[in-house]
RNA sequence: GGCCCCUUCGUCUAGCGGCCUAGGAUGCCACCCUUUCAAGGUGGAGACACGGGUUCGAGUCCCGUAGGGGCUACCA
């Protein structure tokens, strides 16, 4: 008998292949993964496709893609292989059937011939399955079987007494056995239910810790009884709190994505939505790790490696959490600020290209320092700095409403721009510092605030209401192009005069 | 309905009987900085669901109430 606590740590994520990955599932996977990594154990991916009706093709790729993107490496799974495979339940049917038969043999389970109609009738009466085949005479069972009637195998749940489960997070939890039904273990199509399949697999795959969502807690006693009936050593179980909708009402769903709490913004819920929205994997990991668990020391920003060093199920929160999506934007901007230039370059380039710009990497690298503190998401790069990568020759001067800054009007703007041209023209170095001092001096001479002058120039050369700073931008554009744009701006203003 | 789990600022959370006049973060507001937008800095409003116990002492332990979540399938 190996005591659970001394077994090598092996945790698993066991999703059903029902389509795009939901952030809630990933959150659960993350905690199982963190636990495995914290204890130098293995993390296993197992596909639970025992419901043929719900399986959707391509799901496994989506699951893999999500885990890969976040950097959650898998030790054993359908892609990786491993000595306890196959890791897809539909490929292990014989195993489940064997153990289901074994339980029948041992008198711990029985064949049930109740039809769906009968079951529906019983449900209507309110009490659920009435155990009518639990003590059915053996000869009658053979008779029905001989007639070819379909049947399921049900577990014989103890009729009385209590089952006490030990949850790693909340301690002992007690259940009255009479509350539980005789659950189906093997369906009439020969596929197992979750109840049977996860136990058979967790046993054969040597899982040491079953880390799953709290919705499984009510069936925990059933699982404990099945483990006992099978005569196997149980792994330890931990039931994790789940993500609620941002308003705290109901489990986080992929449907209701509009929430007033999120400023009407579309709330990302599916993994691909995080990728598409321009979040960094590190930020998403940091974000998820901070829900239901915390790093300590009042530290909010930490790497996955740091989290692994401290992660413990003991201080996982007991309560479900409203999905704190607003924090992700903040975290993401923090991650962008700290990201190495190489990484930003790699991330931003395809986004700019997708927006139709031809990206010169050298120029991108010049622009990145200007973007760092301005991007909440990598997506923001195109509207903010796309103009750097557009064809300069076809730059169109902005309209007067963009050019005219606060506390400025048509005439003052034209005067300021016209006067700035020779100042810039005479500069030997076109560095932003040199420009700054020259233009500041110029502003003083003509009696304008820096903001009025700088702002007018900025609008003239960027053509945008919101943009990177003036002189840094002009430095990158170069003297010639900058002056050309100022001239175009003057033209635009005079054209607009009616 | 029955059963199970949960309950600290709007939200994510710290707190594991005295260190709490309850800490951090986000969001919000104000001010500072400032060349737009940001970033950054400073400050502010903001919570122990309620009622009983236990104890010299309760956010921390127990019970109840209320509220929230989940389960109650031949779905996971």
Within the stretch A:286-311, take every residue that is within 10 Å of RNA strand B (Cβ to nearest atom) and surrounded by fewer than 16 Cβ atoms within 10 Å (Cβ to Cβ) and give me the one that is nearest to residue A:339 (Cα to Cα). A:301
Output the residue which, of all residues in the stretch A:427-449 that are in contact (Cβ under 8 Å) with a residue 12 or more places away in the chain and not in a helix (DSSP H, G or I), is nearest to RNA strand B (Cβ to nearest atom). A:449
Among what's in the stretch A:230-245 and is in contact with a helix residue (DSSP H, G or I) (Cβ under 7 Å, 6 or more places away or on another chain) and near RNA strand B (Cβ under 7 Å from one of its atoms), pick the residue that is farthest from residue A:316 (Cα to Cα). A:242
Among the residues of the stretch A:356-382, which ones are without any contact (Cβ under 8 Å) to a residue 40 or more places away in the chain, assigned to a helix (DSSP H, G or I) and over 23 Å from residue A:282 (Cα atoms)? A:361, A:362
Is at least one residue of the stretch A:293-307 within 30 Å of residue A:247 (Cβ to Cβ) and part of a helix (DSSP H, G or I)? yes
Given (1) under 50 Å from the mean Cα position of the chain (by Cα); (2) over 17 Å from residue A:489 (Cβ atoms); (3) within 16 Å of RNA strand B (Cβ to nearest atom), number of the condition residue A:389 does not satisfy: (3)
Checking the condition modelled with pLDDT under 95, surrounded by 13 or more Cβ atoms within 10 Å (Cβ to Cβ) and more than 17 Å from residue A:35 (Cβ to Cβ), which residue from A:260, A:277, A:283 passes? A:277
Which numbered condition residue A:420 misses (of (1) touching a residue at least 60 places away in the same chain (Cβ under 8 Å); (2) within 12 Å of RNA strand B (Cβ to nearest atom); (3) buried (at least 21 other Cβ atoms within 10 Å of the Cβ)): (2)
Out of the stretch A:121-131, which residues are more than 7 Å from RNA strand B (Cβ to nearest atom), surrounded by 11 or more Cβ atoms within 10 Å (Cβ to Cβ) and either free of Cβ contacts under 8 Å to residues at least 12 places away in the same chain or within 23 Å of residue A:148 (Cβ to Cβ) (or both)? A:121, A:122, A:130
Take the residues of the stretch A:23-58 that are within 14 Å of residue A:213 (Cβ to Cβ) and touching a helix residue (DSSP H, G or I) at 6+ places or on another chain (Cβ under 8 Å): which is surrounded by the fewest Cβ atoms within 10 Å (Cβ to Cβ)? A:48
Members of the stretch A:188-229 found to be within 29 Å of the chain's Cα centre (by Cα), near RNA strand B (Cβ under 7 Å from one of its atoms) and assigned to a loop (DSSP other than H, G, I, E, B), listed by number: A:193
Evaluate the following for residue A:452: is it within 11 Å of RNA strand B (Cβ to nearest atom), outside any helix (DSSP H, G or I) and either at pLDDT 95 or above or on the phi < 0 side of the Ramachandran plot (or both)? no
Residue under question is residue A:232, and the condition is that it be surrounded by 14 or more Cβ atoms within 10 Å (Cβ to Cβ), free of Cβ contacts under 8 Å to residues at least 40 places away in the same chain and outside any loop (DSSP other than H, G, I, E, B); does it hold? no
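The values are calculated or read from the model by the stated rules, or taken from the named source; none is laboratory data. It should be emphasised that the depicted structure is a prediction, and the values quoted were computed from it without experimental measurement. Note that each Cβ is placed from the backbone with ideal geometry, even for glycine, and that neighbours are counted across all protein chains shown.
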